[in-house]
Amino acid sequence: MNLDGKDLLMEEPVLYQIRGAVATVIINRPDQRNALDAATKALLRQRLEQAAYGDSIRAVVLTGAGPAFCVGQDLGEHAQALAADPATAFDTVDEDYNPLITLLTTMPKPVVAAVNGTCVGAGLGLALACDLRVISSAAKLGTAFSGIGLTCDSGLSVTLVRAVGQARAAQLMLLGSIFTADEAVGWGISGIIADPAKTLEAAVEVAEGLAAGPTRAFAETKALLSAAPTSTVAQALAAESAAQHRLGLTNDHLNAVTAFLRKEQPTFTGA
């Protein structure tokens, strides 16, 4: 995959590529650092839904073309919306950003963000809505909202706190501090740093490993982790028990137990 932007400029604003059981969704506005205008948000949702509901897709990678992952909202378009009617300029939060984050966090398939470069604002929200992140060692990340007189959106008030804790999240949001890939890993945002030239390759490799795994178990795990912050221990125990009972009826579980007893490598099919 060539994501330097040179051969993608004439393509649509979100690309969709399949390799085996992995779908790669690429935000493709490199000249605008993958800023999200209306057309891009609509197509991004369509492509993610295509991956989420595609029977042959077992894992997803989200990335950006060129030197940036995503810098969030296209402010040129936002300025036009403000000039037209400030009262409706933020309808995009409910109409676009919230559905995108909900789709990523509830998709019954693992999603890996290949953070290939600058990742700020709603771009950071997209990255944190993914299950795993592979971050370029050269990437710069930040919240950016306070710099334009706004609070956060795209789920960051929850996902950033979960990743780095409330005190550091407050610092990052209120001060708008830019941070590095090394800091992101040290704070808990990601466990994988990649060479800038191989970030997507590394993310696809992770996704391919996930695609070969017990995807139904991964879906149950995503649901449990999502509910964890608001669950009591009793609720968590009940949810875990129900999930184990559902997974216990799958061929993947039965075949994996049989393979273990035979000292063989299990093969997962998602059935």
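Sorted by packing (mean other beta-carbon atoms within 10 Å per residue), highest first, where do 221-234, 59-72 land?
Ranked by mean Cβ neighbours within 10 Å, highest first: 59-72, 221-234.
Would you mind calculating the gained length between S177 and L261 on full extension (0.36 nm times residue separation, minus the Cα-Cα distance), in nm to one decimal?
Value of the extension gain: 25.1 nm.
In nm, what is the difference between 0.36 nm times the number of residues separating A271 and Q235 and their Cα-Cα distance?
10.3 nm
Just want the answer: with Cβ charges of +1 for Lys and Arg and -1 for Asp and Glu, which residue in A84, V60, L44 is farthest toward the dipole's positive end in region 44-99?
V60
With Cα extents along the principal axes in Å defined as stated, name the option among (i) 48, 42, 39; (ii) 65, 46, 34; (iii) 44, 43, 39 computed from the structure displayed.
Looking at Cα extents along the principal axes in Å for this model, the match is (ii).
Summarise the accessible area of region 117-254 (1.4 Å probe, protein heavy atoms) by the percent that is carbon and sulfur. Working shown, then result.
Values: 4010 of 6760 Å².
Looking at region 117-254 in its full context, I get 59 percent from C and S.
Can you give me the long-range amide H partners of K140? Hydrogens built in the peptide plane at 1.01 Å from N, cutoff under 5 Å, separation of 5 or more residues or another chain.
For K140, whose amide H was placed from the backbone, the distant partners under 5 Å are T118, C119.
Which of the residue pairs K41/K140; K198/K222; K140/K198; K109/K140 have a Cα-Cα distance greater than 25 Å in the structure shown?
Listed pairs above 25 Å: K198/K222; K109/K140.
What dipole magnitude, in Debye to the nearest 20, does region 49-154 give about its Cα centre under +1 on Lys/Arg Cβ and -1 on Asp/Glu Cβ? Spell out each step's value before the answer.
Numbers: 4 positive and 11 negative charges, 131 e Å.
Dipole about the Cα centre, nearest 20: 640 debye.
In Å, what Kirkwood hydrodynamic radius results for region 54-197 from the alpha-carbon pair distances?
One decimal place: 15.6 Å for the Kirkwood radius.
Calculate log10 I(q)/I(0) of region 124-267 for q = 0.13 Å⁻¹, where I(q) comes from the Debye formula with a single equal point scatterer on each Cα and nothing for solvent.
-0.76
Quick check for me: using +1 on Lys/Arg Cβ and -1 on Asp/Glu Cβ, what's the dipole size of the chain about its Cα centre, in debye to the nearest 20?
800
Find which of C152, T232, H253 sits farthest along the positive direction of the dipole of the chain, computed with +1 on the beta-carbon of Lys and Arg, -1 on that of Asp and Glu, about the Cα centre.
About the Cα centre, the residue reaching furthest to the positive side is H253.
The values are calculated or read from the model by the stated rules, or taken from the named source; none is laboratory data. Computed from a predicted model, the values in this text were never measured in an experiment. Cβ sites come from the backbone with ideal geometry, for glycine too, and all protein chains shown count toward neighbours. The protein model used for the area step is the full one, side chains on, heavy atoms only, and it has no ligands, DNA or RNA in it. Shrake-Rupley method; radii C 1.70, N 1.55, O 1.52, S 1.80 Å.
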